[in-house]
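Q: My structure is below; once you've seen it, I'll send some questions.
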Amino acid sequence: MRRLYSTFAGGWPGTGLLLMRLVVGSTLVVRASLRLWSDPPPMNVTIPAVLLMAAGVLLIAGLWTPIVGTSIALIEIWKMFAVSGDKWLWLLLGTAGAALAMLGPGLFSIDARLFGWRRIEAPPHKSNL
């Protein structure tokens, strides 16, 4: 993960990435849960809905963001071609997922805590004088 991102953005850019993750992740969770708890959906809708719900939860937490963002983009592109519905929303969610995969999760994420750079300070050198 550290090789993908030289730094995990903090400050205003990190807050923007957090906001983007929260909006995209919560949209995925809500739409997938509405799809799953309606009448029994067909399998071509159930499997992507379960995957997108899990991806939304991981995206909100900021865990495995490059993998999750890429999978969101691929699933949403597949839905644009294979399923009838709101193609503009799927394009928007797919683009946001791809952007998060490329930009990273930001400083306020589990990825930054697990894989971010750590500062190690050595104790002062004692002289024998």
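Q: Within the range 56-66, restricting attention to residues that are within 8 Å of the chain's Cα centre (by Cα) and more than 17 Å from Ala9 (Cα to Cα), which residue is surrounded by the fewest Cβ atoms within 10 Å (Cβ to Cβ)?
A: Checking each candidate, the answer is Leu58.
Q: Is it the case that the range 35-46 has a residue that's touching a helix residue (DSSP H, G or I) at 6+ places or on another chain (Cβ under 7 Å), closer than 22 Å to Leu114 by Cβ and open to solvent by less than 60 Å² (accessible area, probe 1.4 Å)?
A: No: zero hits.
Q: Of the residues Leu107, Leu114, which is aliphatic (A, V, I, L, M), in contact (Cβ under 8 Å) with a residue 40 or more places away in the chain and part of a helix (DSSP H, G or I)?
A: Working: Leu107 fails: part of a helix (DSSP H, G or I).
Just a single option satisfies the conditions, and that option is Leu114.
Q: On to the next question. Scan the range 24-54 for residues that are touching a residue at least 12 places away in the same chain (Cβ under 8 Å) and either within 21 Å of Leu107 (Cβ to Cβ) or of a type in the set (Phe, Trp, Tyr) (or both) and report the count.
A: The number of residues fulfilling the criteria is 3.
Q: So is Leu100 under 28 Å from Trp12 (Cα atoms), open to solvent by less than 40 Å² (accessible area, probe 1.4 Å), in contact with an Asp or Glu (Cβ under 9 Å, 6 or more places away or on another chain) and not aromatic (Phe, Trp, Tyr) or not?
A: Spelling it out, it is not the case that Leu100 is under 28 Å from Trp12 (Cα atoms), open to solvent by less than 40 Å² (accessible area, probe 1.4 Å), in contact with an Asp or Glu (Cβ under 9 Å, 6 or more places away or on another chain) and not aromatic (Phe, Trp, Tyr).
The values are calculated or read from the model by the stated rules, or taken from the named source; none is laboratory data. This one's a predicted model, so the numbers in the text were calculated from it and none came from an experiment. When we count neighbours, we look across all protein chains shown, and the Cβ atoms used for this are built from the backbone with ideal geometry, even at glycine. These area figures cover heavy atoms from the full protein model, side chains too; ligands, DNA and RNA do not enter into them. Shrake-Rupley method; radii C 1.70, N 1.55, O 1.52, S 1.80 Å.
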